[in-house]
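Input: a single structure, listed below in structure tokens.
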Amino acid sequence: MLEKQSISYSQILKLAFPIIIGGIAQNIIMATDAFFMAMVDEVSLDAVGLAGLFFSTVYILGLGFSIGVQILIARRHGEKDYASIGAIFDNSLIFLGTLSLFLWAGMEWIGPMILKSLIHSDAVYQSAILYLDDRAWGITFAFVNLAFRSFFIGISSSAIISWSTFATAAANVVLNYGLIFGNFNLPAMGISGAAIASSLAEIVGTIVFFSYAFVGKFHQSFQLFAQWKWKKDVMAHITKIASPVMFQYFISHAGWFLFFIIVEQAGERALAISVIIRIIYMFQMVPFWGFSSATNTLVSHTIGEGNPEQVMPLLKRITLLSVIGSLIFIIPNLLFPEWVLSLAIQDNSTSLIQQSIPTLYVISLALLFFGLAMTWFSGVTGSGNTRTALLIETCTIAVYLIVAWFLGIYLKGEVHEIWYTEPFYFAVMGIVSFWYMSKGKWKNKKI
């Protein structure tokens, strides 16, 4: 249980660390698929990179919704209204499960048309479709996992997320090794095997979450699954808070996907460099996503306890932790770039490593701005002002894509020059979010 008074650095880390570990889950799945595909050929690597981004863009709808649910559960937890938490969880699980079925169908029927219109290389397109076909059905289990994640983080009991992540990651690595190359007497399925392995790994995570909910008797303490029916009033309240976050996350990731489409126009080597950089970038961003999620919960919980004056000091503490966290990654990136890149480039290609170094330097700058921006932006969402957060995201993403288009298409810049869009984007977001939180109008927001 969180203390009522000022939240300490140790309390922040206690909540954030399991979330950080849990945040690795989807990144591990994408990175593992890319790692094994790099052993096959560059086209397969590019295909997994783009199809994986497309899947993630769809997945982000569920993630955004679950963050909104997490904020609402944290507020009720801070208010000691435990009876309402079960109804919120049950209805969010029903919604996410239903949404996943529609998105699965959309990826199967509409996904190929979208990718065909966006991917320049036919070889990359054909491989991307093979991957997406067997990755799409895993979204249902991924969304169930998101519902559990929002519940456990919302009640400040995030340790289980680490265990679920370890189980998911281990299953994905073993199944990739077996299904891609035909090891363990499994069929050699190539890129399709990578997709199936990732979807099966999601099921493992679901089993872990369900088991923990019952073994730990959370289903009794918070009346989980006791109200297994759609409640219009509960769902309307959830939607009011969660839907802006859902669209905010979707817009953000859609912009990220379109950024890679712009990069793809620069050629297969530019895309390969960006896929490698993305693997490193996404892993190095994980701690900041953890702090971001913890910020959402801690801000909402603190306001729910009736202590809005503690929010700004809390955000300043998390900002300091984020700056320290960014240096942990930035220093190796700057001092040992070849070694950092070799971790993601399986064949240790000297030319690919050397060509990727300038972009690695750019994302190092972006990491610093990212940690700062996401802390204050998460303060906006955690306060319950999710529509304001959506407006901030929409405006900054619009600027982001304009700058990316200008650098990549109009100026035909080098790949690292296109990536300068990232630190610019986070700098703008950070400034606007800090300004909004400093005004203090969020203090009286009721959710």
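The values are calculated or read from the model by the stated rules, or taken from the named source; none is laboratory data. Quick caveat: nothing in here was measured; it's all calculated off a predicted structure. So basically every Cβ, Gly included, is an ideal-geometry build from the backbone, and we count neighbours across all protein chains shown.
Observations on the structure shown:
- Out of 269, 278, sole residue that is buried (at least 19 other Cβ atoms within 10 Å of the Cβ), assigned to a helix (DSSP H, G or I) and of a type in the set (D, E, K, R): 278
- The residue pairs whose first member lies in segment 301-317 and is over 16 Å from residue 375 (Cβ atoms) and touching a residue at least 60 places away in the same chain (Cβ under 8 Å), whose second member is buried (at least 16 other Cβ atoms within 10 Å of the Cβ) and acidic (Asp, Glu), and whose beta carbons are closer than 9 Å, counting only pairs six or more residues apart or on different chains, do not exist in this structure.
Per-residue answers, yes or no, for (1) without any contact (Cβ under 8 Å) to a residue 60 or more places away in the chain; (2) within 26 Å of residue 40 (Cα to Cα):
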position: 135; (1), (2): no, yes
position: 138; (1), (2): no, yes
position: 161; (1), (2): no, no
position: 168; (1), (2): no, yes
position: 172; (1), (2): no, yes
position: 183; (1), (2): yes, yes
position: 198; (1), (2): no, yes
position: 221; (1), (2): no, no
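- Identity of the residue in segment 1-16, under 19 Å from residue 73 (Cα atoms) and not in a helix (DSSP H, G or I), that ends up modelled with the highest pLDDT: 7
- Residue satisfying condition, being closer than 15 Å to residue 52 by Cα, crowded, with 16+ Cβ neighbours inside 10 Å and touching a Leu at 6+ places or on another chain (Cβ under 6 Å), within set 111, 138: 111
- Criterion violated by residue 406 - all others in (1) touching a helix residue (DSSP H, G or I) at 6+ places or on another chain (Cβ under 7 Å); (2) within 30 Å of residue 245 (Cβ to Cβ); (3) surrounded by fewer than 21 Cβ atoms within 10 Å (Cβ to Cβ) satisfied: (1)
- Among the criteria (1) touching a Phe, Trp or Tyr at 6+ places or on another chain (Cβ under 9 Å); (2) closer than 20 Å to residue 431 by Cβ, the one residue 395 does not fulfil is (1).
- Test: residue 156 is closer than 21 Å to residue 49 by Cα, touching a helix residue (DSSP H, G or I) at 6+ places or on another chain (Cβ under 7 Å) and not β-branched (Val, Ile, Thr): no
- Within the set 425, 436, 400, the sole residue that is more than 19 Å from the chain's Cα centre (by Cα) and aromatic (Phe, Trp, Tyr) turns out to be 436.
- Residues being surrounded by fewer than 23 Cβ atoms within 10 Å (Cβ to Cβ) and over 22 Å from residue 446 (Cα atoms) - total across segment 373-399: 5
- Breaking point among (1) modelled with pLDDT under 85; (2) over 20 Å from residue 82 (Cβ atoms), for residue 263: (1)
- Residues of segment 141-167 satisfying the condition of being in a loop (DSSP other than H, G, I, E, B) and out of contact with any Ser or Thr (no Cβ under 8 Å at 6 or more places or on another chain): 155, 157, 158
- Selection from segment 168-198 of residues that are surrounded by fewer than 22 Cβ atoms within 10 Å (Cβ to Cβ) and not in a loop (DSSP other than H, G, I, E, B): 169, 170, 171, 173, 174, 177, 178, 181, 192
- Taken over segment 134-185, the residue count meeting the criterion of being closer than 21 Å to residue 108 by Cβ and among the hydroxyl-bearing types (Ser, Thr, Tyr) is 1.
- None of 353, 418 is surrounded by 14 or more Cβ atoms within 10 Å (Cβ to Cβ) and closer than 30 Å to residue 244 by Cβ except 418.
- Selected residue [modelled with pLDDT of 90 or more, at positive phi and aromatic (Phe, Trp, Tyr)] from 151, 214, 209, 184: 184
- Condition met for residue 242 (over 25 Å from residue 89 (Cα atoms), out of contact with any strand residue (DSSP E or B) (no Cβ under 7 Å at 6 or more places or on another chain) and surrounded by 18 or more Cβ atoms within 10 Å (Cβ to Cβ)): no
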